[in-house]
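A short write-up of the structure that comes next.
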Amino acid sequence: MGECDRTRSHEETVITAIRKTLSAAAVVTVALAGVAACGTAEQLSAGQKLDRAFDKLGQEKSLSFELDLDTDSASLMALDEKMGSEPGEELDPKAAELLSGARMSFTVHSKKALKDSGDKDIVGAAAKVSTPDGDLVEFRQVGDAAYVRTDIEALGKAVGEPMPKASDLPPEAGAFKKLLEGGWVTFDTKELEKAGEDASDEPSPEPSLDAKTQKKLTKAIQDVISREVDFAVADNGDGEEHIVATAPFRTLITELVDEIRPFKKELPPGVELPTAKDLKDAPNTKVAADFTLKNGDLTEVRIDLAKLAESAKVKKLGLVIRLSKGEQPTAPAGATKLDPTELLGAFGGPGMGQDTSFGEEDLGEGGFSDESAFEVDPV
């Protein structure tokens, strides 16, 4: 296995771990979004406050949130061992170290209030994955233009493997060389979408829930929340307020997934629902979600998941979501333009049928054999 193949393998391990974490977070987020509709009289005050806080978020045109795993690598490894991952899917220690110190931030900016926005209304977006050693990857979208950069040295340290160096590539590598140097590269998202459609036999329709189905699903989730979740309210007296929602994990998740499962085909790509076996084996320990409101604004959600492990080895395991008003993303200066067809080919796009890994076997004495494949233009 070449150096770049090993790198790709470790990157896939990290990406898989992040994807699983975000998939679990997606299910939790669905529950949190419906929590405001609790219906019992003694919980009405808490429900109204959360309802108003979520409504204020929906009225914003720009929103930022940061996802942080409040844990350590030892706890993540112990949890993965207890969960009994399939052979070959075990959490790599380097990936555990990366996840334990990683923070993922997201920003979205729309022409309309977010609650009324569709895909065509989004005019800016940004995402970034950071560790204590630096930003690993950053993405921005401004209109139809997307921008990407990565810190290869920090990424190599995070996965514990040497990464390709910009000096290993010839000048003809263009945008890829620029990317390895830590610079910005840019591509047109519409051109990329068209290139993907041209490379596929048939473009797959985007999954979606119509308004009537969304309303029905939301009502079902709200009914589950009202039955299973208990609330407590604490006021710090300085404008900050905490609303703690507590529920038995297996009971709550099982009922929520049972309501969501019929709509699985309409859910966004990458959202994975737990299997019936996963739910049966899940502990029924009570888990708490702490909502922080500052002058009525929802600023943080903190979920303590350590008790779910039912193991002394998992000492620290939490999910923290911090929310704030976002700023409109801006286009970075000096980005190098990348041909979307080459981008698809480099990452195994459909129908490309070519190996674009930068292994030693692909390099001749004079560098890449097809120099024209890397024609780029500065923006």
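Please give, to one decimal in nm, the separation of the simple spin-label points placed at K165 and N284, each 7 Å out from Cα toward the Cβ.
It works out to 5.9 nm between the two label points.
Over region 112-152, with every protein chain in place, what whole percent of the accessible area is carbon and sulfur at 1.4 Å, could you tell me?
Taking all protein chains in place, region 112-152 shows 50 percent carbon and sulfur surface.
Multiply the residue gap between Q328 and A74 by 0.36 nm, knock off their C-alpha separation, and tell me the result in nm, one decimal place.
87.7 nm
What percent of all Cα-Cα pairs in region 51-178 falls in each 10 Å bin, counting up from 0?
Per 10 Å bin, starting at 0, the Cα pair percentages come out as 11, 27, 28, 25, 8, 0.
If you bin every alpha carbon distance in region 113-198 into 10 Å steps from zero, what whole percent lands in each bin?
Per 10 Å bin, starting at zero, the Cα-Cα P(r) for region 113-198 comes out as 16, 35, 32, 14, 3 percent.
Can you work out the base-10 log of I(q)/I(0) for region 207-323 at q = 0.18 1/Å, using the Debye formula on its C-alpha atoms alone?
Taken in order of the listed q values, log10 I(q)/I(0) reads -1.14.
Taking the Cα centre of region 40-163 as the origin and placing charges on Cβ (Lys, Arg +1; Asp, Glu -1), which of L91, A154, M77 is farthest toward the positive end of the dipole?
Result: A154.
Need the list of lysines near K49 for cross-linking: C-alpha distance under 22 angstrom, and skip anything on the same chain fewer than eight residues off.
Answer for K49, where 22 Å is the Cα cut-off: K61, K115, K215, K219, K294, K325, listed by chain and number.
Multiplying the sequence separation of E153 and K112 by 0.36 nm and subtracting their Cα-Cα distance, what value in nm do you get?
Details: separation 41, 0.36 × 41 = 14.76 nm, distance 3.93 nm.
So the chain would gain 10.8 nm between E153 and K112.
Roughly how many Å² is the accessible area per residue of region 69-128, as a whole number, for a 1.4 Å probe?
Value for region 69-128: 55 Å² per residue.
Counting residues in region 62-119 as N, plug N into 2.2 N^0.38 Å and put the Cα Rg over that result.
Relative to the 2.2 N^0.38 Å estimate, region 62-119 comes out at 1.65.
Could you calculate the contour length gain from K120 to K294, that is, 0.36 nm times the residue separation minus the distance between their Cα atoms, to one decimal place in nm?
So the chain would gain 59.5 nm between K120 and K294.
How much of the accessible area of region 221-267, in percent, comes from carbon and sulfur atoms when a 1.4 Å probe is used? Intermediate values should be presented prior to the final figure.
Numbers: 1100 of 2370 Å².
That share works out to 46 percent.
For the cross-link pairs K190/K337; K212/K277; K120/K178, which exceed 22 Å when the distance is taken from alpha carbon to alpha carbon? Show your work: numbers first, answer last.
Numbers: K190/K337 14 Å; K212/K277 31 Å; K120/K178 31 Å.
Exceeds cut-off: K212/K277; K120/K178.
At R0 = 51 Å, how high is the FRET efficiency between K82 and S45 if r is their beta carbon distance? Nearest 0.05 is fine.
For K82 and S45, the calculated efficiency is 0.85.
The values are calculated or read from the model by the stated rules, or taken from the named source; none is laboratory data. Quick caveat, the model's predicted, so the values are computed rather than measured. Quick reminder, even Gly has a Cβ in these numbers, built from the backbone with ideal geometry, and neighbours come from all protein chains shown. Protein only, heavy atoms only, side chains kept; ligands, DNA and RNA dropped before computing areas. Shrake-Rupley method; radii C 1.70, N 1.55, O 1.52, S 1.80 Å.
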